[in-house]
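The structure that follows is given in the form of structure tokens.
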Number of protein chains: 4
Amino acid sequence: MDLNQIRKDLAVFAKDREWDRFHSVRNLSLAMVGEVGELAELLQWVDDKEISRFLASGGRERLGEELSDILFYLVRLADIADLDLESAIRAKLGENSLKYPTEKSKGSAKKYNELG
Amino acid sequence: MDLNQIRKDLAVFAKDREWDRFHSVRNLSLAMVGEVGELAELLQWVDDKEISRFLASGGRERLGEELSDILFYLVRLADIADLDLESAIRAKLGENSLKYPTEKSKGSAKKYNELG
Amino acid sequence: MDLNQIRKDLAVFAKDREWDRFHSVRNLSLAMVGEVGELAELLQWVDDKEISRFLASGGRERLGEELSDILFYLVRLADIADLDLESAIRAKLGENSLKYPTEKSKGSAKKYNELG
Amino acid sequence: MDLNQIRKDLAVFAKDREWDRFHSVRNLSLAMVGEVGELAELLQWVDDKEISRFLASGGRERLGEELSDILFYLVRLADIADLDLESAIRAKLGENSLKYPTEKSKGSAKKYNELG
């Protein structure tokens with residue numbers, strides 16, 4: 001599934017509903033925070049060791065719904081900010097490879113600026 | 001850019017660094033919250049009317065970096081939870097079309113369950 | 001420690017630095033999201049079963065710092081929105097007692113509207 | 001209103017409902033993220049210039065409810081992590097005074113490490 005296609009679909013969806021006036025950078029950011037809150041709410045009482053059971057009993061579908069909502073606001077936010085999300089992603093992937101060389105970061109959860 | 005390809009790239013990246021042990025559903029969710037926090041920090045003192053100036057003076061690039069980080073954790077989270085993100089996205093797009101019929105939701109920021 | 005006193009201290013602190021112009025409702029909300037993100041970052045790679053060790057080895061102090069930062073923005077936000085936080089808290093405590101009667105909610109993580 | 005008293009009230013509330021088993025550090029953190037998400041949802045379509053009207057037409061009360069919920073999880077989290085929130089707050093207030101000297105930070109939204 002193509003990110004750029006999702007962007008176009010969402011732009012048409014918003015235009016058809018005259019939602020552009022609501023879709024400012026800060027509004028979409030707060031909307032995304034709201035969806036991240038719903039994701040957290042799904043997981044708040046599910047201890048680490050209960051995650052498999054949670055996923056198997058309907059949690060996987062609900063998680064997929066929340067992740068989709070977050071993604072929509074994320075893609076829409078990039079579009080409204082007039083930034084090329086695909087280029088940004090490519091740049092960040094390259095940067096992460098440099099920041100986290102395989103040998104130094106193997107098995108370590110340290111941030112790049114704390115790697116020995 | 002293909003979402004499924006990003007998923008594969010991130011899986012290889014994590015495997016090479018032996019990061020799978022850190023990438024549980026709740027860990028990745030908290031990591032995503034951390035990145036959303038960095039996005040909010042970028043925008044916290046930028047009033048609505050100052051957004052254009054912010055974007056033009058380096059803000060667009062920084063926004064693109066944070067959105068990429070959020071997206072990476074989102075895609076990785078779906079992968080670890082063994083859920084098909086593309087199907088979830090398609091289902092949600094269809095659902096949103098039903099929830100927000102063009103006529104009823106035109107120009108309104110109301111939630112679907114508050115539409116007249 | 002008195003919440004109202006914290007409110008007054010923070011108001012003086014902001015006034016002395018001419019920060020009132022930055023402290024709008026949405027700015028402070030985004031700033032709070034930023035601090036919540038820092039809290040999440042602290043905990044993102046600490047599995048449930050490693051929390052005690054984390055707290056004992058410096059984590060408790062860092063957690064206290066993040067919680068203080070969140071609290072400051074929360075108290076300041078209430079002040080700027082001209083709302084009486086203490087009354088709101090009292091009302092919510094009373095409401096929670098009604099929503100979650102001891103017998104019905106004992107040992108259950110269900111939301112009040114899902115209680116049998 | 002005394003923070004320590006709120007802490008005690010919430011501890012009794014949780015104990016009466018046998019909720020201690022749910023109230024781990026990470027669970028309460030995710031629950032707090034959920035409430036912050038609800039706060040963001042309140043404000044997501046309210047542009048900066050519409051905040052006064054929002055507050056006057058019921059928004060102030062709803063904001064007070066969300067802030068109370070966030071505060072409850074925050075206070076409870078400190079209690080469960082066995083950290084002295086009041087000491088942490090005092091330490092942070094003192095630290096902020098040092099980090100942001102009145103003269104240098106007057107009228108500036110810069111972070112302490114970016115002050116000239």
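The values are calculated or read from the model by the stated rules, or taken from the named source; none is laboratory data. Quantities reported herein were computed from a predicted structural model and do not represent experimental measurements. Every residue, glycine as well, gets a Cβ built from its backbone with ideal geometry; the counts of neighbours run over all protein chains shown. Quick note on the areas: whole protein, heavy atoms, side chains included, nothing else; ligands and nucleic acids left out. Shrake-Rupley method; radii C 1.70, N 1.55, O 1.52, S 1.80 Å.
Compute the distance in nm between two label points, each set 7 Å from the Cα along the Cα-to-Cβ direction, one at C:Lys49 and one at C:Glu103.
About 3.9 nm separates the two model spin labels.
Using Cα pairs under 8 angstrom and six or more residues apart, how large is the relative contact order of chain C, in percent?
It comes to 33 percent, rounded to a whole number.
Show C:Glu41, C:Glu86, D:Glu18 ordered by accessible area, largest first, where the area counts protein heavy atoms only and the probe is 1.4 Å.
Of C:Glu41, C:Glu86, D:Glu18, the descending order of accessible area is D:Glu18, C:Glu41, C:Glu86.
Averaged over peptide D:46-54, how many Cβ atoms belonging to another chain are found within 10 Å of each residue's Cβ?
4
While we're here: Rank B:Asp16, B:Asp79, B:Asp47 by mean-square fluctuation in a GNM of chain B with C-alpha springs under 10 angstrom and give only the top-ranked residue.
B:Asp47
How large is the charge dipole for region D:1-71, taken about the Cα centre, if only the Cβ atoms of Lys, Arg (+1) and Asp, Glu (-1) carry charge, to the nearest 20 debye?
Dipole magnitude for region D:1-71 comes out near 220 debye.
Along the three principal axes, how long is the protein assembly as shown when you take its alpha carbons, biggest first, rounded to the nearest angstrom?
The Cα atoms of the protein assembly as shown stretch 54, 53, 46 Å along the principal axes, largest first.
Now for a different question. Residues of region A:85-101 that become at least 50 Å² less accessible with every protein chain present than in their own chain isolated, using 1.4 Å: which are they?
Output list: A:Ile89, A:Lys92, A:Leu93.
Once D and C are treated as a pair rather than alone, how much accessible area drops out, both sides summed, in Å² to 100, probe 1.4 Å? Intermediate values should be presented prior to the final figure.
Working: alone 8940 and 8950 Å², together 12490 Å².
Chains D and C together bury roughly 5400 Å² of accessible area.
Whenever you get a sec, compute what percent of the accessible area on region D:69-115 sits on carbon and sulfur atoms (1.4 Å probe).
The computed percentage sits at 48.
I'm a student and want to see the number: the projected area of the Cα convex hull of chain B, averaged over all directions, in nm².
So the mean shadow area of the Cα hull is 10.0 nm².
At 1.4 Å probe size, with every protein chain present, just tell me what the per residue accessible area of chain D comes to in Å². Before the final figure, lay out the partial values.
Details: 5260 Å² over 116 residues.
Per-residue value: 45 Å².
Shifting gears a bit: Give me the Å³ per residue figure for the convex hull around the C-alpha atoms of region A:7-60.
Measuring per residue, one finds 114 Å³ for the Cα hull of region A:7-60.
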